[in-house]
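**Q** Submitted below is the structure of interest, expressed as structure tokens.
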Amino acid sequence: MLQLTVNGEARQIAAGSRIADLVRELGLDGRKIAVERNLEIVARSRYGTDTLAQDDRIEIVAFVGGG
Amino acid sequence: MTQAPTMTQSQSQILADKPLVVAGRTLGSRLIIGTGKYASYEQNARALEASGAEMITVAIRRVNLSDPSEPRLVDFIDPEKYIFLPNTAGCFTGEDAVRTLRLAREAGGWSLVKLEVLSDPKHLYPDMTETLRAAELLIKDGFDVMVYCSDDPVFARKLEEIGCCAIMPLGAPIGSGLGIQNPVNIRLIIEQSSVPVIVDAGVGTASDATVAMELGCDGVLMNTAIAEAKNPVLMASAMKHAVIAGRQSYLAGRMPKKRYADPSSPLSGLI
């Protein structure tokens, strides 16, 4: 298992998982989200190819109400 | 009867107004509203409809991972129907703002954004040196930047010179509802700008929006004035009319102020 930090919280995921696997496990499929990995934006086209690594820091954001 | 102006004349004068265009996007309404502080997204959506606004500001925040089924803004307000303007509210450095808007561009797929770099939580006044620096970074990165700024004409000019597509001076501190505090500066900014000037923040009630538009602003952006009204949907409708009234009043050109009375009825022919 890999140890990740996702939105500031510790989380585990199977070794070899890709960004798309994480997004699916979190129930965020098909949502207008953006993913940042170790401060680098991950393009949507790379969710299916980029493999997660030990200690990755992931941020997943979406639009909310704001002024 | 033949001397009376026809409706057709006044209507054609109203129609002579050009629509607001920001970075190539034409807006049917000069009112832009925020989507924060509402009791619910459902109420927010009804207020938006009543306001007639076509552009809304939105924030970017972490997805709530503990409850992925919580209500989402996009379930109530369709990004295909309205222009979503991602903001950088809560950012206090240029780097924070750039990072936030790059994420917004990835999430939404569009490059029109609202930049605001704040200084002190007490007054939420923009940090203008950071704002200018962040705007430069964003413009180099291909963003169309609508910029929240102080009502300082000098900084407003610098922001326009570096390529911001709309200048958005505050009327009063964010969320204060104090109305337009410095009409002299707002008017100076309007006169010198060749991009749209949109008063952003400070409007408390409908007459404040009208005052801003009568100064010659191209639009008004507000959030709290609608969201924290006792009846937000009714206030949204009031704001729609206030912005239209102010715009038409500006275009019509007000009468000169006089120091003494001037009777409206003829003085001749008195019995």
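The values are calculated or read from the model by the stated rules, or taken from the named source; none is laboratory data. What you see is a predicted model, and the numbers here were worked out from it, not measured in a lab. Cβ coordinates were reconstructed from backbone atoms using ideal geometry, including for glycine residues, and neighbour counts include every protein chain displayed. When the accessible area is computed, the model is the full protein with side chains, heavy atoms only, and any ligands, DNA or RNA have been set aside. Shrake-Rupley method; radii C 1.70, N 1.55, O 1.52, S 1.80 Å.
**Q** Looking only at segment A:27-55, count every residue that is more than 9 Å from the chain's Cα centre (by Cα) and within 21 Å of B:Pro71 (Cα to Cα) and tell me the total.
**A** The total comes to 7.
**Q** Restricting attention to segment B:168-196, report how many residues are without any contact (Cβ under 8 Å) to a residue 40 or more places away in the chain and under 10 Å from the mean Cα position of the chain (by Cα).
**A** 1
**Q** Assess whether B:Thr100 counts as being over 25 Å from A:Arg46 (Cα atoms) and among the hydroxyl-bearing types (Ser, Thr, Tyr). Explain how you work it out, then say what you get.
**A** Working: over 25 Å from A:Arg46 (Cα atoms): no; among the hydroxyl-bearing types (Ser, Thr, Tyr): yes.
The answer is no for B:Thr100.
**Q** Quickly run through segment B:83-135 and pick out the residues that are closer than 23 Å to B:Ile33 by Cβ and of a type in the set (Asp, Glu).
**A** The one that is closer than 23 Å to B:Ile33 by Cβ and of a type in the set (Asp, Glu): B:Glu116.
**Q** Still on this structure: Taking segment B:171-194, which residues are of a type in the set (A, V, I, L, M), over 14 Å from B:Asp218 (Cα atoms) and open to solvent by less than 50 Å² (accessible area, probe 1.4 Å)?
**A** Result: B:Ala172, B:Ile180.
**Q** Additional query: Do we have B:Val220 as crowded, with 22+ Cβ neighbours inside 10 Å and assigned to a strand (DSSP E or B) here?
**A** Against the criterion (crowded, with 22+ Cβ neighbours inside 10 Å and assigned to a strand (DSSP E or B)), B:Val220 qualifies.
**Q** Further question on the same structure: Collect the residues in segment B:230-251 that are in contact (Cβ under 8 Å) with a residue 40 or more places away in the chain and over 13 Å from B:Arg30 (Cβ atoms), keeping them in residue-number order.
**A** B:Pro232, B:Val233, B:Leu234, B:Met235, B:Ala236, B:Ser237
**Q** Check segment B:251-258 and report whether any residue there is part of a helix (DSSP H, G or I) and buried (at least 18 other Cβ atoms within 10 Å of the Cβ).
**A** The answer is no, given that none of the residues of segment B:251-258 is part of a helix (DSSP H, G or I) and buried (at least 18 other Cβ atoms within 10 Å of the Cβ).
**Q** Given the condition in contact with a strand residue (DSSP E or B) (Cβ under 6 Å, 6 or more places away or on another chain) and within 13 Å of chain A (Cβ to nearest Cβ), answer yes or no: does some residue in segment B:121-143 qualify?
**A** Yes, segment B:121-143 contains a residue that is in contact with a strand residue (DSSP E or B) (Cβ under 6 Å, 6 or more places away or on another chain) and within 13 Å of chain A (Cβ to nearest Cβ).
**Q** Additional query: Out of the residues in segment B:56-71 that are within 7 Å of chain A (Cβ to nearest Cβ) and in a loop (DSSP other than H, G, I, E, B), which is surrounded by the fewest Cβ atoms within 10 Å (Cβ to Cβ)?
**A** Selected residue: B:Pro68.
**Q** Residues that are of a type outside the set (Phe, Trp, Tyr) and over 26 Å from B:Glu228 (Cβ atoms): list the strands (runs of 3 or more DSSP E) wholly contained in segment B:137-206 that include at least 2 such residues.
**A** B:144-149
**Q** Would you check if B:Val117 is within 24 Å of A:Val61 (Cβ to Cβ), free of Cβ contacts under 8 Å to residues at least 40 places away in the same chain, open to solvent by less than 50 Å² (accessible area, probe 1.4 Å) and away from chain A (no Cβ under 14 Å)?
**A** yes
**Q** Then there's this: Please enumerate the residues belonging to segment B:30-40 that are more than 7 Å from chain A (Cβ to nearest Cβ), buried (at least 19 other Cβ atoms within 10 Å of the Cβ) and either out of contact with any helix residue (DSSP H, G or I) (no Cβ under 6 Å at 6 or more places or on another chain) or part of a helix (DSSP H, G or I) (or both).
**A** Selection gives B:Ile32 alone.
**Q** Something else now. Out of A:Gly16, A:Gly27, A:Gly48, I need the residue that is assigned to a loop (DSSP other than H, G, I, E, B), away from chain B (no Cβ under 11 Å), surrounded by fewer than 16 Cβ atoms within 10 Å (Cβ to Cβ) and touching a Ser or Thr at 6+ places or on another chain (Cβ under 9 Å). Which one?
**A** Answer to the check: A:Gly16.
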